[in-house]
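Read the structure below first, then the notes.
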Amino acid sequence: MLTLFLPLFLLVLLLGLPVFFATLFAPGLMLLLSDMGRDVPMLFRNIYNGIDSFPLMAIPFFMLAGEVMNRGGITIRLVNLSQVFIGHVRGGLAHVNIMSSMLFAGMSGSAVADTSALGSMLIPAMEKNGYSRRFAAAITAASSVIGPIIPPSGIMIIYAYTMEVSVAALFAAGVIPGLLIGLGLMAVTALLAKKHNFPVARAKATWREKGTATKAAFLPLLTPVIILGGILFGVFTPTEASAIAVGYALILSIWVMKTVKFSELPRIFTRAAMSSAAVLLIVGAAIAFKTVVSLSHSAEHLATWVLAISDNPLILLFAINILLFIVGMFLDAGPAIIILGPILAPIFIQLGIDPVHFAIIMSINLTVGLATPPMGLVLFVASSVSGERVEAIAKAILPFLAVEFLMIFLITYFPAISMTIPRLLGLA
């Protein structure tokens, strides 16, 4: 069934069918062709059952928090903070783009939100400063994948829900990998800046300017501290943390900074609801597909086939990274995690890989796939924001993807990178 599903799934996607319907069409057809047509109604029931989950409530709340912060001007304050600290080096605006993504990641947890919010400001600014539009779009797309890695992360919430892994452990495990990927991107940018003589964004900021920018961004920067601190120290659950993030964002935007009016809230809530609905529908469809996979016993057959290749976990981890990288080129991270997680995770846990470590490997790999041609979602968002063709952005992003792929293998073969913080906190 899995052998037939993936080609059929990709075919209907190429024909223009939305991901939600493609995820249902392929397994539904498989059920009919395998004389299991009586189970088709169960497929649709499981869409609702897959969405009807308290932990998944965190996704719309975090999306709403990001929407409020973006509309409330918090994004601008983060960009200004990045610029006063690093804008004076060669290629300063490119570095600011990456650093802003790292700061924004601690608030939104979404690569698409990162690309849209930061890209709309920084791509025109970089172009005006002398960068090519395709390079500006490429670095925005490449750095936006840090969003779902540094917590909070919608993708990690989906994985934790699907595989019954601690959300707090995954959030803690994502901190160092996210920072490492950001630093890797900045290292590549420094080399490119020296080679192509990128411009300096501004003169070196005075301590007074740094202090002013830090003061302006201080309250927004407390958002990830409140979210992570509360979760990691057991004050509240991730779902409760997401609701608190919304409340904090509203207080900052409406009463403290006074950048959002009550009359704007319906539009903000509507945008967040539409984004959340799209994600949750795909999650529901993927959960329904997961049920079909369990009925067909495809996972057990695949596990037997994989273990027949080798029983060396290092070799299998290399192979699975290549597989996930290829899958990430075509499939969005959320559905890929729900579809492949229940199939692949038990195999590697059986080989002695820590469940949290494998979760991070899979989450980061598929997150990087969001910026990978030909169907990386953030490439299309960056194209929409910048007006540059997707093919041009895909070519310019290759050096950054190479670094991110290298980081994936470092995280894979050096578990301490992701596991140190969870172990120190007693979460793994």
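The values are calculated or read from the model by the stated rules, or taken from the named source; none is laboratory data. Remember, predicted model here, so these are calculated numbers, not experimental data. For neighbour counting, all protein chains shown are included, and Cβ atoms are generated from backbone atoms with ideal geometry for every residue, glycine included. Surface areas here come from the heavy atoms of the whole protein model, side chains and all, with no ligands, DNA or RNA. Shrake-Rupley method; radii C 1.70, N 1.55, O 1.52, S 1.80 Å.
Rounded to whole numbers, the Karplus 3J(HN,Hα) couplings from phi for region 378-388 are 5, 4, 6, 5, 4, 5, 5, 6, 8, x, 8 Hz, using 6.51 cos²θ - 1.76 cosθ + 1.60 with θ = phi - 60°, and x at Gly and Pro. Most tightly packed first, judged by the mean number of other beta-carbon atoms within 10 Å of their residues, the peptides 218-224, 382-388 read 382-388, 218-224.
Is the shape of region 172-261 rounded, prolate or oblate, going by the alpha carbon gyration tensor and its root eigenvalues a ≥ b ≥ c, with a/c under 1.5 for rounded and a/b larger than b/c for prolate? Please report the intermediate quantities before stating the final value.
On the way: a/c = 2.86, a/b = 1.46, b/c = 1.96.
It is oblate, given that a/c is not under 1.5 and a/b is not larger than b/c.
Remark: region 21-171 projects, on average over all directions, an area of 11.6 nm² (convex hull of Cα atoms).
Available extension along the chain between Tyr48 and Thr206 is 51.3 nm, counting 0.36 nm per residue and deducting the alpha carbon span. Would you mind classifying region 9-61 by shape? Square roots of the alpha carbon gyration tensor eigenvalues, ordered a ≥ b ≥ c; an a/c under 1.5 is rounded, otherwise it is prolate if a/b is larger than b/c and oblate if not. Oblate.
The residues of the chain expose on average 42 square angstrom of accessible surface per residue, using a 1.4 Å probe on protein heavy atoms. Estimated at the nearest 10 Å², the accessible area of His95 is 10 Å² with a 1.4 Å probe. Placing a pseudo-label 7 Å from each Cα along the Cα-to-Cβ vector at Leu183 and Leu17 gives an inter-label distance of 4.6 nm. Shown for region 254-413: the carbon plus sulfur share of the solvent-accessible area, taken with all protein chains present and a 1.4 angstrom probe, equals 71%. Bridging of Lys128 to lysines at a Cα separation below 23 Å is possible for Lys194, Lys195, Lys204, Lys395, once same-chain residues fewer than 8 apart are set aside.
Only protein heavy atoms count here; under a 1.4 Å probe, Leu10 has an accessible surface of about 60 Å². Counting only DSSP H runs of at least 4 residues, each contributing -39500 (n - 2.57), and dividing by the residue count of the chain, the helix-based mean residue ellipticity at 222 nm comes to -25500 deg cm²/dmol. Compute the angle between helix 333-350 and the longest alpha-carbon principal axis of the chain, please, reported from 0 to 90 degrees and rounded to the nearest 10. Computed tilt is about 60 degrees.
Accessible area per residue was computed with a 1.4 Å probe on protein heavy atoms; Phe25 scores about 90 Å².
The phi-based Karplus calculation (6.51 cos²θ - 1.76 cosθ + 1.60; θ = phi - 60°) puts the 3J(HN,Hα) values of region 271-288 at 4, 5, 5, 5, 5, 5, 4, 4, 5, 5, 5, 5, 4, x, 5, 5, 5, 4 Hz, whole numbers, x for Gly and Pro.
To the nearest ten degrees, helix 313-330 and the longest principal axis of the Cα atoms of the chain are 70 degrees apart. The C-alpha atoms of the chain define a longest principal axis, and helix 92-108 lies at about 50 degrees to it. Amide H to amide H distances under 5 Å link Val200 with Gly91, where only residues 5 or more positions off or on other chains count and H is placed in the peptide plane. Spin-label model, Leu406 to His88: label points 7 Å out along the Cα-to-beta-carbon direction sit 2.9 nm apart. Distance between the 7 Å Cα→Cβ label points at Leu222 and Arg267: 2.9 nm. Annotation: peptides 150-157, 138-145, ranked by per-residue average of other Cβ atoms within 10 Å with the highest first, follow the order 138-145, 150-157.
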